[in-house]
Amino acid sequence: MEKTVLEIRNLTKRFDGAGVLNDISFSVREGEVIVIVGASGCGKSTLLRCINRLEQPDGGEILLDGKPVGGGDMVAVRRQIGMVFQSYDLFPHMDVLGNLSLGPVQALKRPKAEVEAEAKAALARVGLADKLHALPRQLSGGQKQRVALVRALLMHPRMLLLDEITAALDPEMVREVLNVVLDLARDGMTMLIVTHEMRFAEAVADRVIFLDGGHIAEEGAPDQFFHHPQTERARQFLNTFEFDSIKKS
Ligand SMILES: Nc1ncnc2c1ncn2[C@@H]1O[C@H](COP(=O)(O)OP(=O)(O)OP(=O)(O)O)[C@@H](O)[C@H]1O
Ligand SMILES: [Mg+2]
């Protein structure tokens, strides 16, 4: 049995008095990939943002390797838990290598030459060996998002949080980014992934968590969730995706 990396106990979060997350509890084992799905506004981003302290939870506990995340130290949180969002937020005036080296060199105080060598190797693995000195505006959305993934990985995080990282991309770029994430999963990276790409979710997930009304409404193996959902809410949710794909194809 793999050890538990992340444990969330009775997490609650309110905005303006309204409960967005109500008593959420689950844990993530080492090397496990959990996909979080649910309707727009159900609290998926808020959950990820609470985990890496971009939001302050109102109640409950979030433990990384058995200890409170970061222990109150924001730099430590960023080091331990990598996060990639829909927008790549690369520094526009810095080339790819500069964007990738900044965190490890400044926050982790690692030698620049060593970090740059690692960055080059990591870029080659995601098919961007020739983009070392490109500026972000010279890259496609899919290329920028692969750089953002590499940037998170170079911090050697204990786990990664991915929040709809392909939502702003064209379909062919979606595939190239998701392939990188599938490779990371195969390499054993522990990940919590929010996505609306249901086929990808089914392929990458060890476990699916369906959020509804601030609760975990359903949790299970991807095969069970996608093909034999247990709740009416999950069935309704999955039906909206089938309708979308018929309309678009
Ligand atoms: N900073 C904030 N202040 C007030 N309300 C917020 C804030 N952030 C999120 N909310 C509210 O919390 C709820 C959950 O938002 P959240 O962004 O977590 O949803 P989501 O599941 O990620 O949705 P989507 O699929 O559209 O990204 C929503 O009702 C949203 O309006
Ligand atoms: Mg969101």
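Only the coordinates and a few stated rules stand behind these numbers; no lab work does. Here the structure is a predicted model, which is why all the values come from computation and not from measurement. Here the Cβ positions follow ideal geometry from the backbone for every residue, glycine too, while neighbour counts run over all protein chains shown.
Rounded to the nearest 0.05, what FRET efficiency do residue 129 and residue 12 have when you use their Cβ-Cβ distance and R0 = 41 Å?
Working: r = 46 Å, r/R0 = 1.12.
The calculated FRET efficiency here is 0.35.
Excluding same-chain residues fewer than 8 positions from residue 131, which aspartates and glutamates have a Cα within less than 16 Å of its Cα? Correct list for residue 131: 95, 116, 118, 176. Note that segment 214-231 has calculated 3J(HN,Hα) couplings of x, 10, 7, 7, 7, 8, x, 5, x, 4, 5, 4, 6, 10, 9, x, 8, 10 Hz, one per residue in order, obtained from phi through the Karplus relation 6.51 cos²θ - 1.76 cosθ + 1.60 (θ = phi - 60°); glycine and proline are x.
Binning the C-alpha pair distances of segment 4-248 at 10 Å intervals from 0 yields a P(r) profile of 7, 31, 35, 21, 6, 0 %, listed from the shortest bin outward.
Would you mind working out the magnitude of the charge dipole of segment 18-127 relative to its Cα centre, with +1 at each Lys and Arg C-beta and -1 at each Asp and Glu C-beta, to the nearest 20 Debye? Don't skip to the answer; put the middle values down first.
Details: 12 positive and 13 negative charges, 53 e Å.
About 260 debye.
Amide H contacts for residue 29 (H built 1.01 Å from N in the peptide plane; partners 5 or more residues away or on another chain; cut-off under 5 Å): 5. The aspartates and glutamates within cross-link reach of residue 67, meaning a Cα-to-Cα straight distance under 20 Å and a gap of 8 or more places when in the same chain, are 2, 7, 23, 30, 32, 55, 58. Considering all C-alpha pairs of segment 97-216, those separated by over 26 Å amount to 23%. Secondary structure note: in the chain, about 55% of the DSSP beta bridges are antiparallel. Placing one equal scatterer on every Cα of segment 24-129 and applying the Debye formula, the log10 ratio I(q)/I(0) at q = 0.11, 0.13, 0.17, 0.19 Å⁻¹ is -0.48, -0.66, -1.04, -1.18.
Remark on segment 187-247: hydrodynamic radius 12.3 angstrom, per the Kirkwood mean of 1/r across alpha carbon pairs.
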